[in-house]
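The values are calculated or read from the model by the stated rules, or taken from the named source; none is laboratory data. Nothing here was measured: the structure is a model prediction, and the numbers come from that model. FYI the Cβ positions are ideal-geometry reconstructions off the backbone, even for glycines, and counts take in every protein chain you see.
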Amino acid sequence: MARTQGFCAGVARAIDIVERALVKYGTPLYVFHEIVHNTSVVEGFRARGVIFVDDLNAVPDRSRVIFSAHGIAPEVLTLAATKGLKWIDATCPLVTKVHKEAVRFSNEGIDVLLIGHKGHEEVVGTAGHVNPDLLHIVQTPMDIDRLTIPPHKKVAFITQTTLSVDDTRELIL
């Protein structure tokens, strides 16, 4: 069996967006977070002049920035607008779908269990779309044991898209 797999469509799309931006705009070209979690891809882009940042304040005003495949919280877009940044969204379409569901559940007053790795860029971005009073980030069974949601409340769960069924099975079943 192969030790690695090919890129999913969202990752391939994000890489293509950076490739096209390099051709069209040249450098400096900033990317908010690593475009994808793949060291060779990121290092290859660094060697070509792409600058990866974890803080949008590190991007000079009015510069061009690409948002990674992992998606962003709405406040990141607000900051980008305040700084006059020209941005390109490379968010994976599946992540965007999760964001839309998070907004819908939040707007309906439904508690949201966000299953994923705390601190992961995708989880941080998705969490930003949910009313904090309705958000519960769940990474382990102990996190579920600590929940204090009244039994009559509606609850929805959404997951970090990069997690497999095996990764989430014990949390969902």
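Can you tell me which residue within segment 136-153, out of those that are of a type outside the set (A, V, I, L, M, F, W, C) and surrounded by 11 or more Cβ atoms within 10 Å (Cβ to Cβ), is farthest from residue 8 (Cα to Cα)?
143
If you check every pair at least six apart or on different chains, which have Cβ atoms under 8 Å apart with a residue in segment 57-72 that is free of Cβ contacts under 8 Å to residues at least 40 places away in the same chain and in the same structural domain as residue 26 (by TED's automatic domain parsing) first and a residue that is among the hydrophobic types (A, V, I, L, M, F, W, C) and assigned to a loop (DSSP other than H, G, I, E, B) second?
As it stands, the answer is 59/85; 61/85; 62/85; 63/85; 65/59; 65/85; 67/90, since those pairs meet every condition given.
Of all residues in segment 6-33, which are closer than 18 Å to residue 85 by Cα and surrounded by 15 or more Cβ atoms within 10 Å (Cβ to Cβ)?
Answer for segment 6-33, where residues must be closer than 18 Å to residue 85 by Cα and surrounded by 15 or more Cβ atoms within 10 Å (Cβ to Cβ): 17, 18, 21, 22, 29, 30, 31, 32, 33.
Taking residue 65 and the conditions (1) crowded, with 20+ Cβ neighbours inside 10 Å; (2) part of a loop (DSSP other than H, G, I, E, B); (3) out of contact with any Pro (no Cβ under 7 Å at 6 or more places or on another chain), which numbered condition does it fall short on, given that it satisfies the others?
(2)
Of a type in the set (A, V, I, L, M, F, W, C), in a loop (DSSP other than H, G, I, E, B), within 27 Å of residue 163 (Cβ to Cβ) and touching a helix residue (DSSP H, G or I) at 6+ places or on another chain (Cβ under 8 Å), is that true of residue 72?
yes
Filter segment 76-99 down to the residues that are within 17 Å of the chain's Cα centre (by Cα) and without any contact (Cβ under 8 Å) to a residue 24 or more places away in the chain, then identify the one that is nearest to residue 15 (Cα to Cα).
My answer is 89.
Conditions (1) exposed (fewer than 12 other Cβ atoms within 10 Å of the Cβ); (2) farther than 12 Å from residue 32 by Cα, marked per residue:
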| position | (1), (2) |
| --- | --- |
| 55 | yes, no |
| 69 | no, no |
| 81 | yes, yes |
| 84 | yes, yes |
| 89 | no, no |
| 96 | no, yes |
| 99 | no, yes |
| 112 | no, yes |
| 119 | yes, yes |
